Amino acid sequence: MPIEYRDVADPARFGAAAMDTTSQLWLDGLRGSGRDNDECVAALHALLLRVARHEVSRRAGSLQLHGPELEDIAQQASDDALMAIRSKIAGFRGDSRFTTWAYKFVMFEVSTKMGRHFWRHRHASMDADSWERLPDRGAAAPDQRTEHREIFEALRRAIDQDLTPLQQRVFVAVALNEVPMDAVARELGSNRNSVYKVLFDARRKLRASLRSAGYERPTQSSGSAA
Amino acid sequence: MKTPRDIDALLPDNTVDAGCAASFDVLHSFVEQELSGSDPADSQPGVAAHISSCRACREDYRGLRDAAALFGDAEPLPS
C-alpha cells in the first residue's frame, strides 16, 4: 500500500454536539459584555495560567528550565492562549468540554515558547554528522551486531545519498538528536506542521531505501500513543 | 533481513497520518473520547497514528489529557 501523508481528521466529520451546561456558561460569559464578560475573561485567564504552570512543570525536566523562566513561559503562554481562544471562539462546536478545547491552546503556546528556549540551554546540533554514530545505536546481542551494523550502514548511506539537504537536517535534528520539533521550526523559520511533513517524507524515503537494499521491518507500528 | 527495533523507532511506518495541523484541530475531542473510556483511535485513526509518530504532538496530547482530567470541570466563577 502506498504511504500517503493525508488529512483523515477532517473536523467537518465531527459535527456540533449538545453543549454541556458548564461549557455554555463559559461561552455566554465570553460572548457577553460588561462586568460579566470582564469577570469571565479574568476567570478564564486565571485558569489558563494554572494549566500553563502545571504543563511547564511537567515538561521542565526535558529542557532544564527553572523557576523564573518557567513562570515567564507560563505567563506568556496563558496570555497568548487567552488571545487565541477569544479570537477563535466561534470555531468551538461543543464536541468537547469548553475547557478541554481551551486548554489545547495552552499546550500549543507552551510548546512554542519552550521551543524558543531550547537553544538557550542546549547545544544539540541540526547539522552534525550524527549518523556517523548510528551503528552504535544498534547494540544488540553479539550474534546480531554484524547484521545490525550492516543495516545501520545502509541507513547511513541512505541519509547521505537519498535525502535532500533539508530532509537530512530535519531528520538528524528531530529523529537522531531529539531536538524538539518547535525548536527546529523556529531555527528554520517554519512551523511544526511543515517540519513534520519534511520528516515524514524523509522517513518514507529511508524506508524505501532500506527495502530496496533488502531490509524489511520486523513489525508494524501500533497506534498506541499513551 | 529483518531490521532491528531501533530502526523501527527511527522510521515509524504509519500508512495513515493526519499530520500536526489536522490533529491539533481535533485533539480536544480525541482526548475527551479517551477520558470517557472509549478508544479515540477507532474514530480518529489518523490522529492516533500521528501521535504515535510525532513527539511534539504526543507531548501536547499528554499535557492536554492531564489538564482535562485535572482541571476540566472548572466553572467560570469570578476569580
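Given the residues A:51, A:56, which is the only one that is touching a Phe, Trp or Tyr at 6+ places or on another chain (Cβ under 7 Å) and either within 12 Å of residue A:109 (Cα to Cα) or within 11 Å of chain B (Cβ to nearest Cβ) (or both)?
Only one candidate passes the filter, namely A:51.
Out of curiosity, is residue A:106 under 25 Å from residue A:194 (Cα atoms), modelled with pLDDT of 85 or more and in contact with a Ser or Thr (Cβ under 7 Å, 6 or more places away or on another chain)?
yes
So which residues in region A:87-114 are among the hydrophobic types (A, V, I, L, M, F, W, C) and without any contact (Cβ under 8 Å) to a residue 24 or more places away in the chain?
Across region A:87-114, the qualifying residues are A:90, A:101.
Within the group A:160, A:136, which residue is at pLDDT below 70 and acidic (Asp, Glu)?
Sole residue among the options that is at pLDDT below 70 and acidic (Asp, Glu): A:136.
Condition (residue is over 22 Å from the mean Cα position of the chain (by Cα) and in a helix (DSSP H, G or I)) applied to region A:60-76: is it met by at least one residue?
yes
Restricting attention to helices (runs of 4 or more DSSP H) lying wholly within chain B, give those where 3 or more residues are at the interface with chain A (Cβ under 7 Å from one of its Cβ atoms), out of contact with any strand residue (DSSP E or B) (no Cβ under 8 Å at 6 or more places or on another chain) and crowded, with 24+ Cβ neighbours inside 10 Å.
Where helices (runs of 4 or more DSSP H) fall fully within chain B and carry at least 3 residues being at the interface with chain A (Cβ under 7 Å from one of its Cβ atoms), out of contact with any strand residue (DSSP E or B) (no Cβ under 8 Å at 6 or more places or on another chain) and crowded, with 24+ Cβ neighbours inside 10 Å, they are B:20-35, B:45-53, B:55-71.
Which ones in region A:27-36 are more than 9 Å from residue A:89 (Cβ to Cβ) and either surrounded by 14 or more Cβ atoms within 10 Å (Cβ to Cβ) or in contact with a helix residue (DSSP H, G or I) (Cβ under 6 Å, 6 or more places away or on another chain) (or both)?
Those that are more than 9 Å from residue A:89 (Cβ to Cβ) and either surrounded by 14 or more Cβ atoms within 10 Å (Cβ to Cβ) or in contact with a helix residue (DSSP H, G or I) (Cβ under 6 Å, 6 or more places away or on another chain) (or both): A:29, A:32, A:36.
The values are calculated or read from the model by the stated rules, or taken from the named source; none is laboratory data. Given the structure is predicted, the values throughout are model-derived calculations rather than measurements. We place every Cβ from the backbone using ideal geometry, glycine too, and count neighbours over all the protein chains shown.
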